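The values are calculated or read from the model by the stated rules, or taken from the named source; none is laboratory data. These numbers were taken from a predicted model, which means no experiment stands behind them. Reconstructed Cβ throughout: ideal geometry from the backbone, glycine too, with neighbour counts over all protein chains shown. Ligands, DNA and RNA are stripped out before the accessible areas are found, and what is left, the full protein with its side chains, is counted by its heavy atoms. Shrake-Rupley method; radii C 1.70, N 1.55, O 1.52, S 1.80 Å.
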Amino acid sequence: AKLTAFMAGDTKQSIQEVYGVGKTVGRRLPLVQVPTTAGTGSEVTDISVITTGVAEKKGVVGGQLYADYAVLDGDLTLSLPPKVSAATGIDAMVHAIEAYTSKFKKNVLSDVLAREALKLLSENIRLVCEDGQNREARGGMLLGSLYAGMAFANSPCAAVHALAYPIGSHFHVPHGLSNSLMLPHVLRFNRGEPKAAEMYKDLTPIVFPKEAGLKGTDVSVMADGFSQLSLDLNIPVNLGQVGIQEKDLEFLASEAMKVDRLMPNNPREVKLQDALDLYTQAR
């Protein structure tokens, strides 16, 4: 909707000319965003991601894509099936986690938004999956998703999303599920960067307070917590469960390294072999 509003405005650009960051020129049509899932946070970001005809996701980032208004109505999410609620909810949590640890542009505002997003999302994700008609929990998920969107609009996403994109593009796995499949492995990988490991210690007790109280705040506790969360919410926990075979992993790794809008933001550098290792662990 955001990109359509821009392309239908007074721009003279083709769609190919606006792929990337800061390339949009012109004014869009008036735009009101009303989310019907609690996941993308797209209603408050300046990013539009589309799948091209060659099974590749490309992004458009420009100030014109910010909406005039964002309206949250939890009732619009009451009919979401549990598995969709789970995957989109974890997607929002990934937004907040990656914004909090992004290598570039991380700032006080994005940190505050990310922490509050994770608090709301972690408190409500099980509730909405257990009872989709829980309106208070649905509202909490929407607000958490919005905060996470504001966080990563100020401090961009990184390796989890870069690795998830080719899973979605080439194997038609929903975006939120693709993120949830890669998240625990990227968390463990990033532990090798001391600054990231310390930042994760801030987040573990927010997302998994009970586990942090028993096992500590090391990132491994958060990674294990997300693996268990996926099991509890009955969504796939490895790439094999979504039809990805071992022979596909090298291709996925090469495709992920092309996502140069996101991969450089990771707190620890990801090389081609690292990407392959991460997919192998997720398999």
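If you check LEU65, LEU3, LEU31, LEU78, which single one turns out to be within 22 Å of ALA114 (Cα to Cα) and of a type in the set (A, V, I, L, M)?
Answer to the selection: LEU65.
Just for segment 186-223: of the residues that are in contact with an Asp or Glu (Cβ under 8 Å, 6 or more places away or on another chain) and more than 26 Å from PHE104 (Cβ to Cβ), which one is surrounded by the most Cβ atoms within 10 Å (Cβ to Cβ)?
Ranking the qualifying residues of segment 186-223, first place goes to VAL221.
Is it true that ALA275 is assigned to a helix (DSSP H, G or I), over 24 Å from THR88 (Cβ atoms) and either under 21 Å from the mean Cα position of the chain (by Cα) or aromatic (Phe, Trp, Tyr) (or both)?
Considered against the rule, which asks whether it is assigned to a helix (DSSP H, G or I), over 24 Å from THR88 (Cβ atoms) and either under 21 Å from the mean Cα position of the chain (by Cα) or aromatic (Phe, Trp, Tyr) (or both), ALA275 comes out as yes.
Determine whether GLY168 is buried (at least 24 other Cβ atoms within 10 Å of the Cβ), within 26 Å of ALA275 (Cβ to Cβ) and among the small types (Gly, Ala, Ser).
When the stated conditions are applied, GLY168 does not pass them.
How many of the residues making up segment 227-260 are under 30 Å from LYS106 (Cβ atoms) and touching a Cys at 6+ places or on another chain (Cβ under 9 Å)?
1
Taking THR51, is it over 25 Å from GLU130 (Cα atoms), within 20 Å of the chain's Cα centre (by Cα) and hydroxyl-bearing (Ser, Thr, Tyr)?
Criteria met by THR51.
If a residue must be touching a strand residue (DSSP E or B) at 6+ places or on another chain (Cβ under 9 Å) and open to solvent by 20 Å² or more (accessible area, probe 1.4 Å), how many such residues does segment 49-60 contain? If you could, list the steps in order and put the result at the bottom.
Filtering segment 49-60 for residues touching a strand residue (DSSP E or B) at 6+ places or on another chain (Cβ under 9 Å) gives 49-52, 57-60.
Those still in the list that are open to solvent by 20 Å² or more (accessible area, probe 1.4 Å) too: 49-52, 57-58.
The total comes to 6.
If you go through segment 154-165 one residue at a time, how many are crowded, with 24+ Cβ neighbours inside 10 Å and in a helix (DSSP H, G or I)?
Within segment 154-165, residues that are crowded, with 24+ Cβ neighbours inside 10 Å and in a helix (DSSP H, G or I) number 7.
Among residues belonging to segment 245-263 that are open to solvent by less than 70 Å² (accessible area, probe 1.4 Å) and either of a type in the set (Ser, Thr, Tyr) or in contact with a Lys or Arg (Cβ under 7 Å, 6 or more places away or on another chain) (or both), point out the one that is nearest to SER48 (Cα to Cα).
Looking at the filtered set, the residue picked out is SER254.
Do we have any residue at all in segment 136-153 that's of a type in the set (Phe, Trp, Tyr), modelled with pLDDT under 95 and open to solvent by 30 Å² or more (accessible area, probe 1.4 Å)?
No - not one qualifying residue is present in segment 136-153.
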